[in-house]
Amino acid sequence: MTTDNKHFNENDRIFYSDGYRLAQTAIHTGLSNATLFAAIESLYSAIDGLNDSILALAERQKLGVACHKGCQWCCHQTVYANSYELHYLSEKIKTKFSATKILKWLEIAETKFAATSVMNEKELARFKAPCPLLEDGACSVYEARPMACRIYLSTKLETCLEFYHHPENEQNYPALIDFPLRAGRMMNEGFMAALKGYGIETAEFRLEEGLRIVLKNEQPNFG
């Protein structure tokens, strides 16, 4: 495994290697839905463990972290997920929820996609609409949520509220903790690189875009 990016620091390389190793484990074991999903769960478990450590440290140092169940402001903005994350997420949804519920979420995803698909990058950054999977102020698929949702930790609720109500304010952005953002991004980069080395191309989708694909189409089967 190699990385050519000269801007990677030592932590970046470590997290990239962790993601790469997890995907390689699935590949060497014999890539299948089961081994891929196990690798994704290990990927998520690793970043969740890192977040727990950050939260514990913040509490000891009396630093506030604004995120908690029912705080849903970030669930109204554009979220991206990789194709393997969407594959995992859709299988969890299809296993746990009824066809009626899935159809409802698919309809919401279609409506949101119709709005976002004609937007440019700047418009997407400002657009606010609830995630199709958001219900009663909470994520319906919290345990299977994508990496982008897991690494979003804000220290100041007021910055999230301002970003929600006034996204055009370019002087404000949610006060996010940088370390989990970089760690999660690098782990995903490594995971994707290992899959690509095996001949599996990955792609990134807006969540509503990906959901409308995976919830109504057959999924790729890896074995």
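Can you tell me which residue in region 156-189 is nearest to Lys122 (Cα to Cα), limited to those that are in contact with a helix residue (DSSP H, G or I) (Cβ under 8 Å, 6 or more places away or on another chain), assigned to a loop (DSSP other than H, G, I, E, B) and polar (S, T, N, Q)?
Only one residue fits best here, namely Asn169.
Determine if region 116-130 includes at least one residue that is out of contact with any strand residue (DSSP E or B) (no Cβ under 6 Å at 6 or more places or on another chain), modelled with pLDDT of 90 or more, among the aromatic types (Phe, Trp, Tyr) and part of a helix (DSSP H, G or I).
no
Could you please find all residues in region 60-76 being in contact with a Leu (Cβ under 9 Å, 6 or more places away or on another chain) and not in a helix (DSSP H, G or I)?
Step one: list which residues in region 60-76 are in contact with a Leu (Cβ under 9 Å, 6 or more places away or on another chain), which gives 63-67, 71-73, 75-76.
Leu63, Gly64, Val65, Ala66, Cys67, Cys71, Gln72 - these are the residues of region 60-76 that are in contact with a Leu (Cβ under 9 Å, 6 or more places away or on another chain) and not in a helix (DSSP H, G or I).
Among the residues of region 147-176, write down those that are in contact with a Ser or Thr (Cβ under 8 Å, 6 or more places away or on another chain) and either closer than 21 Å to Thr202 by Cβ or crowded, with 20+ Cβ neighbours inside 10 Å (or both). Don't jump to the end; show me each part of the working.
Taking region 147-176 first, the residues in contact with a Ser or Thr (Cβ under 8 Å, 6 or more places away or on another chain) are 160, 172-176.
Correct list: Cys160, Pro174.
Would you please list the contacts, defined by Cβ atoms under 8 Å and residues six or more apart or on different chains, that run from a residue in region 196-207 that is among the β-branched types (Val, Ile, Thr) to a residue that is modelled with pLDDT of 95 or more?
Listed by first residue and then by second, the contacts come to Thr202/Asn82; Thr202/Ser83; Thr202/Tyr84; Thr202/Met192; Thr202/Leu195; Thr202/Lys196.
Suppose we keep only residues that are within 26 Å of Ala38 (Cβ to Cβ) and without any contact (Cβ under 8 Å) to a residue 60 or more places away in the chain within region 120-141. Which one would you say is surrounded by the fewest Cβ atoms within 10 Å (Cβ to Cβ)?
The residue in question is Ser140.
Give Ala144, Ala183 a once-over and let me know the one that is crowded, with 20+ Cβ neighbours inside 10 Å, in contact with a Phe, Trp or Tyr (Cβ under 8 Å, 6 or more places away or on another chain), of a type outside the set (Ser, Thr, Tyr) and more than 17 Å from Leu89 (Cβ to Cβ).
Residue meeting the stated conditions: Ala183.
Return the residue satisfying two criteria in turn: it lies in region 190-203 and is touching a helix residue (DSSP H, G or I) at 6+ places or on another chain (Cβ under 7 Å) and assigned to a loop (DSSP other than H, G, I, E, B), and of such residues it is surrounded by the fewest Cβ atoms within 10 Å (Cβ to Cβ).
Ala203
Looking at Tyr164, Tyr142, Tyr152, can you tell me which residue is closer than 12 Å to Gln72 by Cβ, of a type outside the set (D, E, K, R) and over 15 Å from the mean Cα position of the chain (by Cα)?
From the options Tyr164, Tyr142, Tyr152, the qualifying one is Tyr164.
The values are calculated or read from the model by the stated rules, or taken from the named source; none is laboratory data. Note that the structure is a prediction, hence the values are computed from the model and not measured. Neighbour counts run over all protein chains shown; Cβ positions are idealised from the backbone, glycine included.
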